[in-house]
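Quick note: the coordinates plus some simple rules give every number you see, no bench work behind them. A quick note: this is a predicted structure, and the numbers were derived from the prediction, not measured. FYI the Cβ positions are ideal-geometry reconstructions off the backbone, even for glycines, and counts take in every protein chain you see.
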Amino acid sequence: AVLPSPVMRSVRGTVAALAALPDGDADPREQARCFVASFEAAHGTTHPAFIEAGIKTAIARARSEFKFVLAYLHSEEHQDADRFASEVLTNPGLVAYANEHFVAWGGDVAAPDAYQLSHSLGVTHLPYLAVLSAAGGSAGAVQLVGCVQGMAPADAVLATIIECVERYGSVLVAQRAELQERELTRQLREEQNDEFERSLAADRER
C-alpha cells in the first residue's frame, strides 16, 4: 500500500543514523551486484539504474548529486515481490522518472546491507520502496520522506515518488543553489587574489 502523507511524516527522522550503518563482513558492492544480476535474470534490463554499491555509497552519491535515493527492498519469500518487480519496477514511465530524479538502489533482505536498511526503516511488509532524502539536517542524517509497502499499481507508485520530489525537492534545489553561489564566490576571490599577485609582481619589476 502507498502510505498517506500523515504516515510518511510520522517516520521522518527515524533513519538519522542510516549513513553510519555497519558494513558487516560481506562486501556491500558484491551484494548489490548480485541483486542486480538476479533481478535482470528474472525481469530483464528495463529497471531503475540500481547502483552496484552499498546503501551508504548510494546515500553519499545522492547527497553529492542533490538527488533522492529510491531504495527497493526485495524478498523472494514474499508472494508480491516478483509481481512488484515485473509490473512496477519495469514500468517505462517509472524507470524514466526514477533515473532522472533518483539514485536507485536495491537489495534482497536476505543480504546484510538490505537487512540492516530494512531494520533501520522499521519495515514490516515487503516488497518495500523507500524515498530517502539526505538533504538538510545534520551531516550524515537521512530522512524517509515516502514509501510503498507491498503490491501497488505502477501508476500509484509513480504518483507517490513524484509527490515526494515535488514536495521535498525544493530543499535540494536550495542546497544546489547555495553550493553554486559558494563556488562562484570562491572563484571570484581566487581571480581577485591572482590579479593582486600580478599587480604586486608588476610593481616589483618597475
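Restricting the trypsin sites (Lys or Arg not before Pro) of segment 70-176 to loop positions (DSSP other than H, G, I, E, B) with no more than 11 neighbouring Cβ atoms within 10 Å leaves nothing.
Assuming charge only on the beta carbon of Lys and Arg (+1) and of Asp and Glu (-1), the dipole of segment 78-157 about its Cα centre is about 180 debye to the nearest 20.
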